[in-house]
Each structure stands twice: as structure tokens, then as C-alpha cells.
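A short worksheet on the structure shown next.
The values are calculated or read from the model by the stated rules, or taken from the named source; none is laboratory data. Computed from a predicted model, the values in this text were never measured in an experiment. When we count neighbours, we look across all protein chains shown, and the Cβ atoms used for this are built from the backbone with ideal geometry, even at glycine. All accessible areas refer to the heavy atoms of the entire protein, side chains included, with ligands and DNA or RNA removed. Shrake-Rupley method; radii C 1.70, N 1.55, O 1.52, S 1.80 Å.
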Amino acid sequence: MVASHDVVLVGGGGAGLRAAIAIAEANPRLSVAVVSKVYPMRSHTVSAEGGAAGVIRADDSLDEHCYDTISGGDWLSDQDAVEAFVKEAPEELLRLEHWGCPWSREPDGRIGVRPFGGMKKMRTWYAADKTGFHMLHALFQTSLKYRAVARYDEWFVTKLLVDDGRVQGVVAIELRSGRIQPILAKATILCTGGCGRVFPFTTNATIKTGDGMALAYRAGAPLKDMEFMQYHPTGLPFTGILITEAARAEGGWLLNKDGYRYLQDYDLGKPTPKPVLRSMELGPRDRLSQVFVKEMEKGRTIDTPYGPVVNLDLRHLGERVINTKLPFVRELCLKYQNIDPIKEMIPVRPVVHYMMGGVHTDIHGATPLPGLYAAGEVACVSINGANRLGSNSLPELLVFGARAGRAAAEYASSQKEPGPAVVAQAEDERRRLVHDLLQRTDGRERIATVRDAMQKTMEESAGIYRSGPGLAKAADRLGELEEQARRIGLDDHSRTFNTELVTALELQFMVEVARTMVGSALKREESRGAHQRIDFPKRDDQRFLAHSLCRRAADGSCRIEYLPVTITRWPPGERVYGR
């Protein structure tokens, strides 16, 4: 059985649904397929809490938002992409309100905005602290009115079909039945999100296994800036569940074991020797995570069974503020830590949160591989550079989801139907899945063993601080683990909801993505944003004011090239915030 559409979207989260709507609006005659391994409202966009950045107040400007984003990204952001993003973000956020997103309001009826880390002005729109849920709900409901949009809920994509030099669809497994089927298309958009699960301690949902990045990489598209993985400074110990930056935006304090607001002792990038006490908790995420390590080295963190922590104190905000503006934070603390932030402090530690790198795209979401587009966290445009500012990711998936959708619609309108060669490729993929995994009886390796080894390797070698020898050792180890991942043995050989099969395929994706991250980090001999090399502690614009491009070599190794950063109006300078 073969399904055929004009455009297929892989991923049903915010970027995927926004792209689907854009395609339907651009050309209602096009057939659109949204293929998602979970029901769309379970996509990871739903977990975003804090807000979405967009200039709306009279005391703010597009140029200020641009500068904050570029400086926060340590000058690795492409400035043409940033300017387009900043201009279109408020338009997208207003459009989302018209579609039903209930933005929080000021008493006079204006859109409510809150401060966020690295932003000089208050420009982060929010819906209490469930912003991602409300955004995704509005997008999902809006998508339902377009008859051209067909959904493949709980289908897992295993391969991109490439023929005649262009991507012409995907192969996917229907999880309910185990049926392996090609879904052909004239254009394909990847919207699968990030890859935080390559690390053991992350805010990312279990579905964030780098699928789209690995699919593009295997098909021949380069991955860009894969060395830049952001840690968020406030995750709950053990679970890794995120305590949103909104908690600090509303006035929360970070305290060490002595009850001291330790951030005032560090240079967070401000032009003054010490941060202003009122705003220091809203320093950039990379700097706050790095400062946590310094506090730990000084013995000023708190030891717990799940590692060292500091405390996030919200008690002084009062019950009304917490229940009105941070209700989900309180709910998470009560359910997962058995503490009430109205009365008690919240133990937190840095946790892997967001991937700045991803599939290399242009400003319209197009990859170098014809017929393939990408948007959201799976893609690297790049607006985030070496460090994403909080609240930029939600409008990013709207702006570039829409752009990728329109570009893919235009491309698909001029292409011929996929040929028989891709159906033959799909049959080869079906045989691989059945023979190498489902029917394999000699597989010796266990999924959990390989996955734990991969995560431990990444945590030890590619965490907040890195070194050349550590990364080289990790690269060798990941090569061994990739071989082991190919020899996985399954206990479940059935077809119906075979989650073990999906987990094995996800593991193979993750190990391949992890290799690109380590390979890119090893080659970048400088410290910039979220990439901190203890053997190269300074930023080096002379050699590395450039994006890394990782291409898959014939032998499966990672080949690194560099692409200049696009500079328009802001020449590289000292990284500051809060001016």
C-alpha cells in the first residue's frame, strides 16, 4: 500500500501545525500529510511554560530585540534571519490570538509581557505559565478546519526517500498495526524537535530523540552548529522537569547552601562589575549554568541523592502571584517534589534543555537537499547562534514554520509526481526493518545498556564544560556504541504497538546525532555561548566566527566544514546583557 500527498510534514507540534496551516492557506489544492509519532497535543511544544518573545510595547523596538538575540547568541546568529524573525514574531503572536490563544492581560486590557533572561526589555507574551499548551491548542484547533490536511497520528518515520536528487517522501511505521508504508510527496518538511534525550538529565520528553536530524543527515543534508546544546539552570533533581524562567522573571531568587544570592559574585556579561540585584537571576542561561558549576567547585551547593543543587526561592512573591502567574510551577513542585513553593524553596540544578544546532536551512526553511525543508528546534536557521535566549523558541517555530510551509507549497506546486524508484527504496527499507530488527534472532546488545553508555559518555565529555582529550575519547566511544546499536536484539517480535522496535530505532538515531555533536565540538577550538572548552577558554572570532557544517562521509564518519556567519548591521562585540 502506498499513500501519496503533495507535502508531508514529519512532526505534529507547533512548527509542524503552523507549516500545515501555511500550506493550506497558500494553496488550498495541495494535499498535506502530518505524520507524528504521538497525538499532536502530546507534542513537546505543549510543555513550554514561560512565554513567547515579540516586540509590542512602545518603549521597545525591533532593533533592540535583534541586538539582544545576536548578543545573547554570542554573535553566531545569522543577522538576516534574526531581522526577519523579530519583524514577523509579533505578527504571528497576534495571529495566534485571533486563532484562540488566551494571552494573559494587563488590568487595562493590553497584552501582558514579562521580562526574560538576556532580554533588556519586557517583551515576552505569556498565558500564565502554560504558554506552550495554549499555543499548541490554538494551532491544533485551527488546523482542523482545513480539509486538505490529513493526519497520520502515531506513525514513526524511519527513512527519507531520495531519488533524482530530491526528497520525495518518507517510510513510516503505523504503531498500532506495525504496517510499514511509504508516504510519497513532492516536498517534505521536518518538524520533529530536538534531541535532548542523548543526555541522561534533560527537560526534554522521551520522544525528543533527534529523529529529524538523523533522517536528514542520513539522506545527505548537513547538520549545522551541533556543538551548541543549551543547559537550563533550573531543572528539578531526579526528573529533570523544567521550572520555567518565568519563575525568575516574576522575581525568584537563586540561593546557595548559605542562603546567599551567589550570582552577584559573578560577571554574567553585564558592562558593570556586578549585576543589579533585581535582575541578576535573568542572566543568559548558559552563563547561569556555568556559574552553578563554579559554585559546586567552591563547595557552596547542596548535596542530594540526585547530585548537587541550589535553591530557587519564590516564597517572597506571595500566594497570589504564584497562583495567578505561576500555577503550573506550583503544580509541578507539589506533584514531583512534594513541596509547596509558597512555603518552601525549590531545589534546582542545570539540565539539558535546547538544541541550538540542527538541520542546515536557509531563511525560508529550505535545506541544501531539494525537496527537504525543516523548521523549529530540529532546524538551524540560525537565529539562536551559540545560545538561545529564553522565549525566542516559541515565536521561532511560528515564524519559520510558516515560512517553510509557504516555501514547500511553492516548490511542490511545480514538481512532478514521485516515480517508481522511491517505491522500490521503500521496499528495501521495509526489508531492513523486518530482517535487521523484527525477525533478528542473533542480536546480542541490549537497548538500555547502549543507551546508558551513550548518555554517560555525553554527560561526562560534552556537558557544560568540555576538553579536547575528553571529546576525542567520547568520539571513539560513540563509534563503538554505534556499532553496538546495529546489533540490538529485540524480545518483542510482534507488530502491534511494538514500542521496543521504536526505542531501538530511536537509539540508532540518537547515537548518530551524538557523534555529530561531539565531532563538531572537538573541531571548535574556542569557547562561545553554550560551548565551553577549558583548553580554549576565549572566544576566537578570527578562526571561528563561522557555523560548523557536519556532513556524513561515505564511511559513516562526520566531516566538518565551516560557513561564514551572516553579518548585516551589528559587528561582533563584547557580549553584554541588561544595558
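Here are a few things to note about the model shown:
- Mean-position separation - Cα centroids, the range 405-465 and the range 297-365, in angstrom: 33 Å
- Debye, to nearest 20: dipole size of the chain, +1 on Lys, Arg Cβ, -1 on Asp, Glu Cβ: 420 debye
- For percent of Cα pairs over 48 Å apart, calculated from these coordinates, the label among (1) 7; (2) 23; (3) 12: (1)
- Where the range 130-246 is the region considered: accessible area per residue in Å², 1.4 Å probe: 26 Å²
- Accessible surface area normalised per residue over the range 1-92 is 29 Å², counting heavy atoms of protein chains with a 1.4 Å rolling probe.
- Neighbour-limited loop hits for trypsin sites (Lys or Arg not before Pro), the range 318-386 (at most 16 other Cβ within 10 Å; DSSP other than H, G, I, E, B): K343
- Loop-resident trypsin sites (Lys or Arg not before Pro) (DSSP state other than H, G, I, E or B) in the range 30-61 with no more than 16 further Cβ atoms inside 10 Å of their Cβ: R57.
- When the chain is described by a simple charge dipole with +1 on each Lys and Arg Cβ and -1 on each Asp and Glu Cβ, the residue from F400, V450, G14 located farthest towards its positive end is G14.
- By accessible area, using a 1.4 Å probe on protein heavy atoms only, the range 363-433 has 55% of its surface on carbon and sulfur.
- Unsatisfied cross-links (Cα-Cα over 24 Å) in the set K121/K325; K208/K294; K208/K456: K208/K294
- Kirkwood Rh in Å, taken over all unlike Cα pairs in the range 331-468: 20.0 Å
- Average accessible area per residue (Å²) across the range 400-552 - probe 1.4 Å, nucleic acids and ligands excluded: 45 Å²
- Proximal aspartates and glutamates relative to K473, as straight alpha-carbon distance under 12 Å, when same-chain residues fewer than 8 apart are discounted: E460
- Inter-probe distance in nm under a simple model that places probes 7 Å from Cα toward Cβ, at A448 and E561: 4.3 nm
- Share of pairwise Cα-Cα distances greater than 26 Å in the range 101-252 is 48 percent (whole percent).
- From helices alone, the chain scores -10500 deg cm²/dmol at 222 nm; the rule is -39500 (n - 2.57) for each run of n ≥ 4 DSSP H residues, then divide by the residue total.
- Rg in Å to one decimal, and Dmax rounded to a whole Å, for the range 173-251 via C-alpha atoms: 16.9, 52
- For the range 523-579, a crude dipole built from +1 on the beta carbon of Lys and Arg and -1 on the beta carbon of Asp and Glu, taken about the Cα centre, is about 180 debye to the nearest 20.
- Residues D436 and K416, FRET efficiency given R0 of 35 Å [Cβ-Cβ distance, rounded to 0.05]: 0.60
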